[in-house]
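J.: The structure under discussion is supplied below as structure tokens; questions concerning it will follow.
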Amino acid sequence: MKMIKQTRFLSALVMLFSIVLIFASCDECKDLECNTGTGETDANGNCYCDCPNGYSGSNCEVQDLCFNVECPTNAECDATDGECYCNPGYEGSDCNTLIRAKYFASYSGQDVCPSGTYTYTASILTSAQGVEYMIIQGFGGFGNSPSAGCPANPFNIVAKVVDTDNFLIQEQTPAACNLRITSGDSSGADNLGFRDSTTGIITLTYTVVFTDTTPPAGETCDMVLSPL
């Protein structure tokens, strides 16, 4: 009988000790540094941080600034600051204004070049490349006569809208033309065009290279497009 009592007593001690260990482990997990989260114990008795929605990392130290941020249709949340910014080609408080639409018009063009001053008409139209692109149709008056080495009529150049007042014309060689539009400066940077938001007048300095000459000849021209 005495042996049975001792066995029961030892079993009770083991159980009590196990319970103490479990609670000690739980307490240890509760004290885990979890920032915005709480310390928990997994099925194997290991401590981990249970992070709330919008937080991650071993100590819940990484915050997703875009969590629960709803942006307009044409905008995306920036993970660095949690703010909504319009996608390229859009502007406005609701990012619903198509920037390039402000450029769409017919223009009277005048290009002042070393070889002379040239007048012509041009139009800025939509482009299928994306909402931030547009086409300058009749660019520089090139292609208005077959003898100019550009049988394509009218001459089209693709421009990329930067914002309401600025656009870029990257180096390009239009199809069926013996010329290439390159940078307007010696640094090799893209041509930067400017639109006056009050008058709608567009100015641009560009360089054209005629590829059908030996060696290829080129000149830099100052363009002014005035809305008709």
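We did not get these values from a lab; they are worked out from the coordinates using the rules stated. All figures in this text were calculated on a predicted structure; none of them were measured in a lab. Quick reminder, even Gly has a Cβ in these numbers, built from the backbone with ideal geometry, and neighbours come from all protein chains shown.
J.: Starting from 0.36 nm per residue, how many nanometres of slack lie between Ser226 and Thr164 once their C-alpha separation is accounted for?
T.: On the way: separation 62, 0.36 × 62 = 22.32 nm, distance 1.62 nm.
Taking Ser226 through Thr164 to full extension adds about 20.7 nm, to one decimal.
J.: Mind giving me the FRET efficiency for Ala79 and Asp50? R0 is 30 Å, r the Cβ-Cβ distance, nearest 0.05 is fine. Working shown, then result.
T.: On the way: r = 23 Å, r/R0 = 0.76.
The computed FRET efficiency comes out at 0.85.
J.: Also: Can you compute the modelled spin-label distance between Asn68 and Leu98, with each label point 7 Å from Cα toward Cβ, in nm?
T.: 3.6
J.: Between Leu125 and Thr198, 0.36 nm times their residue separation minus their Cα-Cα distance comes to what?
T.: Working: separation 73, 0.36 × 73 = 26.28 nm, distance 2.00 nm.
Once the chain is fully extended between Leu125 and Thr198, it gains 24.3 nm.
J.: How much net charge surrounds Pro216 when only the other residues with a Cβ under 15 Å from the Cβ of Pro216 are counted, with Lys and Arg +1 and Asp and Glu -1?
T.: -2
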